[in-house]
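The values are calculated or read from the model by the stated rules, or taken from the named source; none is laboratory data. Computed from a predicted structure; not experimentally measured. Please note: Cβ atoms are built from the backbone with ideal geometry, for glycine as well, and neighbour counts cover all protein chains shown.
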Amino acid sequence: MALQFTNEDKAILAGEKGMGAKMALSIVAETARLMGAPRLLPIASAHIDGALYHGDSGTLFAEKLVEGDAKVAVRSTLNVGALDLMGCSKQRLPPHERDMAKRMMRAYEKMGCEPSWTCSPYQAGHRPALGSDVAWGESNAVVFCNSVLGARTNRYGDFLDIACAIAGRAPDYGLHRTENRRARFVIDVSGLSETLRRADIFYPVLGTWFGLEMTNDIGVVDGLQGFPNEDNLKAFGAASASSGGVGLFHIAGVTPEAPTVDAALQGQKPERVIRVTIDMVLGALKRLSNASSESIDAIAIGSPHLSLEEMHALLTLLNDRKVIRPFFACTGRHVLRAIEADGTRAKLEALGITIVADTCVVVTPMLPEGGSVLMTNSGKFAHYATGNTGYAVQYGSLKDCVESAVKGHVIRDGGLWQ
Amino acid sequence: MRAQVLIAGEAQGEVLALTHPISFWGGVNPRTGDIIDARHPERGQNIAGKILALPAMIGSSSAAAVMLELIHAGKAPKALIMPDPDAILLLGVIVAQEMEWPICPAFALDKESQRALHGKTIKIERDGEIKE
């Protein structure tokens, strides 16, 4: 069925509301056609992933929208850019790239987007209501928004996110529709030890396994009732959306559309029940490290951006010891303000930690030149570090990262995985 | 053989059918077209000027930006083939159209048929008909 346009849509498409509005609606409508969406839905908010510089083309696109007087029609937060505009950390972008990256960030601000510059907008006060339709970009934000908040979004790519924000509407297909949010697989983790299910490091590792197993299918995890906190869910989702293309997961008794396994299955039978064994989890853990050297050149945490609680946990684990390797802790302005106010920033910096705001180490050149091994506790950093930075990865828990940073070589507590 | 037309156009060239899903962001260098994902079996190959067949898309929602940059840099594939329309990747092509830059057409074709075309020089017509 072809997309039906209202008279107002037709006026916009004729350019009567400005060339920016026309471009935005044309992009939304063309996507609707491709995806077979019968109509456009009003959206409550947007999270824009398009302001990260990948090359001049994206800047030219944003500036063309600005020249066409485009303005966002709904609340729109911004994902990371390529520069730390707060000046906490330094990026090695050559002059042309730096200029184009800054122009791009400013163009999105000019369209009325909030300068949140974070990949954890849901921890920066942007939490759309359960069941509301939104247009979010950034794979970890998308999966968190769908799964943990229960708001409805597809995996909006760069350009479509801002186009939907300007149009105030999104194509009605995919995860906007209740029937497409049903879990088809049951993932039973009740056979794993309680100690493991309580550990922070379990979640990005299980998320990695889940993404590899599901690709873009929807599964409901059973056996985690009472275990994960919000940061664990954030880490699980981010890992699953980098090893796979997961846009929505359910965890029975934890996430809002899965009060029970049966509710997540929408009353239907699962296509498959997978009982997760420790060997499956160990396989995913092993995959996250690809470095052969035990000496490390840098440590990075904060993908997705660290919460205030995670910053405090870092300070506690450091226990007044200085790190002897560059250590990057990536976060957003919402946390930066809080750690400045409570003294945590000054204490972390005195112990050698580099706070990174507005951006992160895998999207822009900032890891030390000449280094070759990065240690991280982030499943997402582990997935992207090598392709984007050339660094090989040693993966470990936050505690492992801190101990290794203090000693300068890999120290791991393997006891958890027995 | 006939593929479903996603974004209209015609193309002629050698088919590179990837054996594993890929994330364009972090997986393809936007300035050269090289496959850079360390864990990808086709790492080191180049997608520029190829008819690129993708078994599935995974990972980052910045794939559209990489696609647009590839087009802007003249390093795009000659055509894209995928099992189902992928909104994220195709957005890069849709935006290129809005920017009035040359685009690469896109077609839908199942994984098995994609594999059978690997390494062959083919012509895809505007209506999706594939000729070897």
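Against the numbered list (1) assigned to a helix (DSSP H, G or I); (2) buried (at least 24 other Cβ atoms within 10 Å of the Cβ), B:Glu112 comes up short only at (2).
Exactly one residue among B:Gly26, B:Gly44 is buried (at least 17 other Cβ atoms within 10 Å of the Cβ) and not hydroxyl-bearing (Ser, Thr, Tyr), and that residue is B:Gly26. Might you let me know whether the stretch A:218-230 holds any residue that is at pLDDT 95 or above, surrounded by fewer than 24 Cβ atoms within 10 Å (Cβ to Cβ), within 14 Å of chain B (Cβ to nearest Cβ) and closer than 27 Å to A:Ser289 by Cα? Looking through the stretch A:218-230, none of the residues is at pLDDT 95 or above, surrounded by fewer than 24 Cβ atoms within 10 Å (Cβ to Cβ), within 14 Å of chain B (Cβ to nearest Cβ) and closer than 27 Å to A:Ser289 by Cα. Residues in the stretch A:377-398 that are surrounded by fewer than 20 Cβ atoms within 10 Å (Cβ to Cβ) and either modelled with pLDDT under 95 or among the charged types (D, E, K, R) (or both): A:Gly390 alone.
In the stretch A:123-144, of all residues being within 14 Å of chain B (Cβ to nearest Cβ) and of a type in the set (Gly, Ala, Ser), the one that is nearest to A:Ala73 (Cα to Cα) corresponds to A:Ala135.
Considering the conditions (1) free of Cβ contacts under 8 Å to residues at least 40 places away in the same chain; (2) crowded, with 24+ Cβ neighbours inside 10 Å, A:Ala165 is excluded by exactly one of them, (1).
Tally the residues that are charged (D, E, K, R) and in contact (Cβ under 8 Å) with a residue 24 or more places away in the chain, restricting the search to the stretch A:256-282.
Keep residues of the stretch A:256-282 that are charged (D, E, K, R), which gives A:257, A:262, A:269, A:271-272, A:275, A:279.
Those still in the list that are in contact (Cβ under 8 Å) with a residue 24 or more places away in the chain too: A:257, A:271-272, A:275.
Qualifying residue count for the region: 4.
Does the stretch B:71-85 contain any residue that is under 17 Å from A:Thr31 (Cα atoms), of a type in the set (A, V, I, L, M, F, W, C) and facing chain A (nearest Cβ under 7 Å)? Within the stretch B:71-85 (the criterion being under 17 Å from A:Thr31 (Cα atoms), of a type in the set (A, V, I, L, M, F, W, C) and facing chain A (nearest Cβ under 7 Å)), the answer is no, since none of the residues qualifies.
Restricted to the stretch A:243-276, and to residues there that are part of a helix (DSSP H, G or I) and at pLDDT 95 or above, the residue that is surrounded by the most Cβ atoms within 10 Å (Cβ to Cβ) is A:Ala264.
The one condition from (1) within 14 Å of chain A (Cβ to nearest Cβ); (2) surrounded by fewer than 18 Cβ atoms within 10 Å (Cβ to Cβ); (3) free of Cβ contacts under 8 Å to residues at least 60 places away in the same chain that B:Ala65 does not meet is (2). Would it be correct to say that A:Ser190 is touching a residue at least 60 places away in the same chain (Cβ under 8 Å) and more than 13 Å from every other protein chain (Cβ to nearest Cβ)? Criteria not met by A:Ser190.
Note on the stretch A:3-92: enclosed helices (runs of 4 or more DSSP H) holding 1 or more residues that are at the interface with chain B (Cβ under 10 Å from one of its Cβ atoms) and under 25 Å from the mean Cα position of the chain (by Cα) are A:19-35, A:56-67. Tell me whether the stretch B:79-102 contains one or more residues that are touching a residue at least 12 places away in the same chain (Cβ under 8 Å), at positive phi and of a type outside the set (S, T, N, Q). Checking the stretch B:79-102: not a single residue is touching a residue at least 12 places away in the same chain (Cβ under 8 Å), at positive phi and of a type outside the set (S, T, N, Q).
Can you pull out the residues in the stretch A:92-138 that are of a type in the set (S, T, N, Q) and either modelled with pLDDT under 95 or surrounded by fewer than 19 Cβ atoms within 10 Å (Cβ to Cβ) (or both)? Spell out how you get there, then give the answer.
First, the residues of the stretch A:92-138 that are of a type in the set (S, T, N, Q): A:116, A:118, A:120, A:123, A:132.
If the condition is that a residue be of a type in the set (S, T, N, Q) and either modelled with pLDDT under 95 or surrounded by fewer than 19 Cβ atoms within 10 Å (Cβ to Cβ) (or both), then A:Ser132 is the only one that fits.
Filter the strands (runs of 3 or more DSSP E) completely within the stretch B:1-98 down to those with at least 1 residues that are closer than 21 Å to A:Arg33 by Cβ and under 11 Å from the mean Cα position of the chain (by Cα). Reasoning before the result, please.
Values: elements: B:4-7, B:11-17, B:51-53, B:79-82.
Correct list: B:79-82.
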